[in-house]
1. Please enumerate the residues belonging to the stretch 30-43 that are within 31 Å of the chain's Cα centre (by Cα) and of a type in the set (A, V, I, L, M).
2. So how many residues does the stretch 112-134 have that are modelled with pLDDT of 90 or more and not in a helix (DSSP H, G or I)?
3. Could you pull out the residue among L282, L274 that is under 25 Å from the mean Cα position of the chain (by Cα) and modelled with pLDDT of 90 or more?
4. Being among the hydroxyl-bearing types (S, T, Y), at pLDDT below 85 and assigned to a helix (DSSP H, G or I) narrows it down to one residue among S137, S65; which is it?
5. Does A373 meet the test of being surrounded by 21 or more Cβ atoms within 10 Å (Cβ to Cβ) and either assigned to a helix (DSSP H, G or I) or free of Cβ contacts under 8 Å to residues at least 12 places away in the same chain (or both)?
6. Sort out which residues of the stretch 662-678 are small (G, A, S), surrounded by fewer than 18 Cβ atoms within 10 Å (Cβ to Cβ) and assigned to a helix (DSSP H, G or I), and write them in order of number.
7. Helices (runs of 4 or more DSSP H) wholly in the stretch 511-588 with at least 2 residues that are over 24 Å from the mean Cα position of the chain (by Cα) and under 30 Å from A429 (Cβ atoms) - which ones?
8. Checking the conditions here, which among A291, A301 is in contact with a helix residue (DSSP H, G or I) (Cβ under 8 Å, 6 or more places away or on another chain), within 24 Å of L193 (Cα to Cα) and part of a helix (DSSP H, G or I)?
Amino acid sequence: MSRRRDLELQLPAALRPLGPYVPAIGIIVLQLVLFPIGLGTWILGVVVGLLTALVALGLALIYRSNRILNFAQADLGAVPVTLAVGLIAASGLPYLAGLLIGLTAAIVLGAVVELAIIRRFFKAPRLLLTVATIGLSQLLVICGLLLPRLWDEEDTKKLQTNLSVPQPFTARIEIGSQIFHGAEVLAMIVAPLVLIALVLFLRGTDAGIALRASADRTDRAALLGIPVRRLQTLVWGLAAALSFTGLFLEASMFGYTGASALSAGALVFALSALLIGRLDNLVAVAASAVALRVLDQGVAAKYPSDPARIYIVLAVVLLVILALRRVSTRRRDVDGATLQAADEVRPVPAELRSVPVVRILRVLIPVVLVVLAAALPLVLGPSDELRASTVAAYALIALSVVVLTGWAGQVSLGQMAFAAVGAAVGAVATATWHVDLLVGLLAAGAAGAVVAVIVGLPALRQPGLYLAVTTLAFSLACSNFLLNRKEQAWIPKGEVAARPLFRQFDLGSEAAMYEVVLGVVVLAFLAVLGIRRSRTGRALIAVRDNERGAAAYSIPVLRAKLTAFALSGFLAAVAGCLLVHVNRGFDEGPFAASGSLGIFTAAVVGGLGSLAGAILGALYLQGGEWFLDPPWNLLPSAIGVLLVLMIVPGGLGNLMYRARDGALRALARRRGIVVASLLEDSGGDEAPEAIKVVMPDRPQGLDGSAADEPVGSPR
């Protein structure tokens, strides 16, 4: 047995059945000790926790059915909530009618999403589908922001701000300092009934039993005649209905604040409850959701002027639980734990590297591109130079995603948080300590690497997507508290201007700053390229493709992952330091959690298998923000990631390298050179003829004597 035992294994035999609920009990104890609240507020936390449990159980159902984390789960409910609230508050429909229409819309939306999008990834790697749900989430956010335009301008403004929802009935119950009205009473009744109905459905109906069977072994269930795909459609409709119920009742209690704000808060608590409950233990997931929401009420009561402190508490709770939990060895958790869908870009075949035109172009093309990029200030104005600097910095952040996800196969949704660390440290270095920008870049990179390792170490011990949720929680903690200028006095609030580089080169102009950013990015790309060709890069790819096989060859898996995380954090932090000096000040906006989702999807669109994909992804992301107004600026990222994953999973960079391979194939055909890898892609018709033409010499046999006939000659 492992020295680091699981929490439930440390319990006495009589208490061992409580093992899955130990984290939830620990959270409640933490709340009682550090954040005590009155009975009424505690009951309110339980009620809100039950509503959050509905969203979390929808996540758990989809995980059991598809083996993915659905990052669009809260948005599946938030969009119908917008419709229902609009019908009730703006159109004047009765509460019950709006509730039923919204519930029906949620079920239809879930089924349509599964049929139109999710089903197309039925045979795709599970983490590839998880990435697709991030794009789906952004698409649903756009729908939620556009839906209020169905009403007139005045009602639209109400739906885009804090709007009180009419109470379902009149009630007033006082418990301590808390007053419960009709919405709270309805939530107390509906949430437990829905949870009981869900348990009865899963355990007492044919569809529920078939769903549980197909979740364990999808292929075997299909062989037994279980309609697996129809069950998945049912699950997505049910998950959307659960999410709608929880979010609608929460909006009835606290008011409607917009679809995106409603879904963001619910998602992070639901995902955290899902991880604490081990992904598929429904009772433990529900208990964890209740415990987290009670803790939320405690933190809000202790810090009434700063409720965002819950995010830092939530991040610490997640890290501690994951650090204490034993590494899972369940097959369902280990299989597919890393992203293996990133198509590796093949190098130029060895048979063609000595060809003069290839040898020259391999050096000439990158040099020409860098020279053209360096010459851009000659034709750009100051505002366009600022944009070019921003694209270059974002390309460096996208490169950090390529290293972590494309090489190591680990999904991180907190890259902008590491960039924020670099931005804050870099701003302090140059504005407070008055050091050179180069020193600031190195300090920022070192800080980003250290923070990335600290955040990643507990989560990387667990297989699957624990890391994605942990980094998302860390990103929320950074933007709301840890690296927020309102909370942290040490972050410079004024202008942050870079001192002359090496005390010689003035960086006051946008053109000079652009040249520095470009130089740092080029050096970073060269360094990453060298690492990829080294043993470290090969070890990362081996760990991504087969952890057990890599461990069998004495590759330290955890050390390799932490190396990728440290390198990724270093690159992101250096980019953040560049951004704060490009923008001449520190601002939390670019480093919000939504920015982390955007940079991740941009890297996927550009291509996780190639370094060039980082540049294409940055252009794609920033282009949408420059030329489209909110909320349309989310559309390229949302549609782009879905189309790329469905049509060309390798991304835009992969298309570029396919064109390169086509040119190399044509060159090989003209020169009569056999390149087996290129012939394999071209189909079987060309291969025999090419081999006959280009292999005229008699090859030697294994013993050094001449073979009987050349390879490819007709028998």
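1. Of everything in the stretch 30-43, just one residue is within 31 Å of the chain's Cα centre (by Cα) and of a type in the set (A, V, I, L, M), namely L30.
2. Final tally of qualifying residues: 1.
3. L274
4. Criteria check complete, one pass: S65.
5. Against the criterion (surrounded by 21 or more Cβ atoms within 10 Å (Cβ to Cβ) and either assigned to a helix (DSSP H, G or I) or free of Cβ contacts under 8 Å to residues at least 12 places away in the same chain (or both)), A373 does not qualify.
6. Matches in the stretch 662-678: G662, A663, A666, A676, S677.
7. Counting at least 2 such residues, we get 557-582.
8. None of the others qualify; the one that does is A291.
The values are calculated or read from the model by the stated rules, or taken from the named source; none is laboratory data. Quantities reported herein were computed from a predicted structural model and do not represent experimental measurements. When we count neighbours, we look across all protein chains shown, and the Cβ atoms used for this are built from the backbone with ideal geometry, even at glycine.
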